[in-house]
Amino acid sequence: MMQRQWRSLTFALAAGLCALTAAAVPLFASGATQMMIEYTISTQAKMPGMMSMFVHPSAQSETHYVSQTRERDDQGNTSQIVQCDLKRVIHVDNGAKTYYVLTFAQMKAMMDAQVQQYYQQMHQTPPPTPSPVGSPIQGSGGFTLSINTVNDPNTQQMFGMTAHHITETITGTSTGTGQCPNGSMSMTNDEWYVPTQITFSCPLPKPQIPAMPSNVPHGGGGAASNPCFGSFQLQASGKAHTEDRFALKQDTTLDLGFKITTHEEVTKYQMSPYDPSLFDVPAGYTQVQPPATLSGH
């Protein structure tokens, strides 16, 4: 569920921003039957012109099961089950009928080790040679990032629910003189959504970020002193309501002078009473050792 909430704003990454998704845990009446959601989503990317002759993204399909404390994702022959109440993740190979278990603590230790290894490599790598003092960038410029959200009154019936329509557009524009560039890029998300019915809320482990190595240069020709980014403006209009949105259909278009479009659509959606067997190891499967690093996860 968290993945679906986030996908509606993935284009913000292309503009160099980080977005946070807030999840509001719904309240259920005492004694009410615990429910779960099952949905299948199909994804298809479309490449432009000559690029489509060399790159042929195939359609992908994933099935997700969501409850308040557990989540399961099925893709191909593999399943991943997050058991937040037990603070562990189960990776299932349905072809080999095997599985392995990683606790949140083990995952955090693996992430910390990978981050430490990365920073050690950075520390051992000589810093880049700064640009000669006598050859600064000639010119000046700035960057404007605009975010426009339109909630229109259009609705349509999807899976017995009333879906609402929203369009979000992020545009980045650089203006400059001399050697500083002029240009723009944009990304648009056209989405039909319904209010989130069940929110999976789980504090997944995060790696510990060490201090930046002392040999990383600051200034001296770096981005901080680049006259092409002498100013930055952020413009925003509308409200996205990302905290309670579940996208049933969306088209995301990235325009970089050529357009790449991704179509995502939920092809199956249903609520049913919670089935604990879907969120645990299947009967008859054999446990194996987990990989040494998360890259094999």
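Per-structure values
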{"item": "Residue that is more than 28 Å from F104 (Cβ to Cβ), modelled with pLDDT under 95 and surrounded by 12 or more Cβ atoms within 10 Å (Cβ to Cβ), where the choices are K268, K259", "result": "K259"}
{"item": "Check on P227, surrounded by 14 or more Cβ atoms within 10 Å (Cβ to Cβ) and at pLDDT below 85", "result": "no"}
{"item": "Extreme residue, farthest from the chain's Cα centre (by Cα), among residues of the range 281-294 that are part of a loop (DSSP other than H, G, I, E, B) and surrounded by 15 or more Cβ atoms within 10 Å (Cβ to Cβ)", "result": "Y285"}
{"item": "Which listed residue is buried (at least 16 other Cβ atoms within 10 Å of the Cβ), at pLDDT below 90, part of a loop (DSSP other than H, G, I, E, B) and of a type outside the set (D, E), from G221, G134, G139", "result": "G221"}
{"item": "Among residues of the range 179-212, those that are in a loop (DSSP other than H, G, I, E, B) and closer than 28 Å to I166 by Cβ, counted", "result": "8"}
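The values are calculated or read from the model by the stated rules, or taken from the named source; none is laboratory data. Bear in mind that the values here come from a model prediction, so they are computed numbers and not experimental data. All Cβ positions, glycine included, derive from the backbone under ideal geometry; neighbour counts span all protein chains shown.
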